[in-house]
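Q: Can you read through this structure? Questions will come right after.
Values in this text are rule-based calculations from the coordinates and carry no lab data. Everything quoted here is computed from the prediction, not taken from an experiment. FYI the Cβ positions are ideal-geometry reconstructions off the backbone, even for glycines, and counts take in every protein chain you see.
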Amino acid sequence: MDSSDSGIQELVKDLSHKNEDVRWGAAFTLERIGLPAVDYLVPAREDKDSVAWLRSAWALGRIGDLHATDSLITALRDGDWAVRMRAGKALDASLISLRDEKPKVRRHSIGALTRIEDPSSADRLNAALRNPDWRVRMGAALALTAIGEQKSFRYFEAATSDKN
């Protein structure tokens, strides 16, 4: 472990500090650190202190790393409404990344939406059915069927007439 690792660990500990300014300062700093902080932020999900997880979810969402998606999806089922709210906001990064210029980012976003099974994402998934990358279209179709709502089935049915 080098000094940057221990610094990140200290910042993660500060996510549950009694002073709110310290908690938010740590979250903002972890966000600025970016990808190197992700491996330390994801385990905060197991912290019994929901405040630490709230700040962790916020930072993960701002970093936008798709590897943290599973942890955030799990948090959508948390007993604490504030944790669910922060996880939902953090997962907005996945919805935004459906428009990313890199097909790989779009495909990972579709994968996350498939696991979430959120009916409110159907409209965005419908747009992904017209994506030039066949893997993105296939992922969108799978996500729409996982949602299982009438609206998503209509989108899926309309896409079957597409030549691609």
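Q: Taking 0.36 nm per residue of sequence separation and subtracting the Cα-Cα distance, how much length would be gained by fully extending the chain between D133 and R154, in nm to one decimal? Could the numbers behind the result be given before it?
A: Numbers: separation 21, 0.36 × 21 = 7.56 nm, distance 2.12 nm.
Here the answer is 5.4 nm.
Q: I've got another one for you. Could you check the spin-label model distance between K102 and R32? Points 7 Å from the Cα along Cα→Cβ, value in nm.
A: Going from the K102 label point to the R32 one covers 2.4 nm.
Q: What order do you get for 32-43, 50-61 when each peptide is scored by the mean count of other beta carbon atoms within 10 Å, highest first?
A: Working: 32-43: 16.5, 50-61: 25.2.
Taking the mean over residues of other Cβ atoms within 10 Å, the ranking is 50-61, 32-43.
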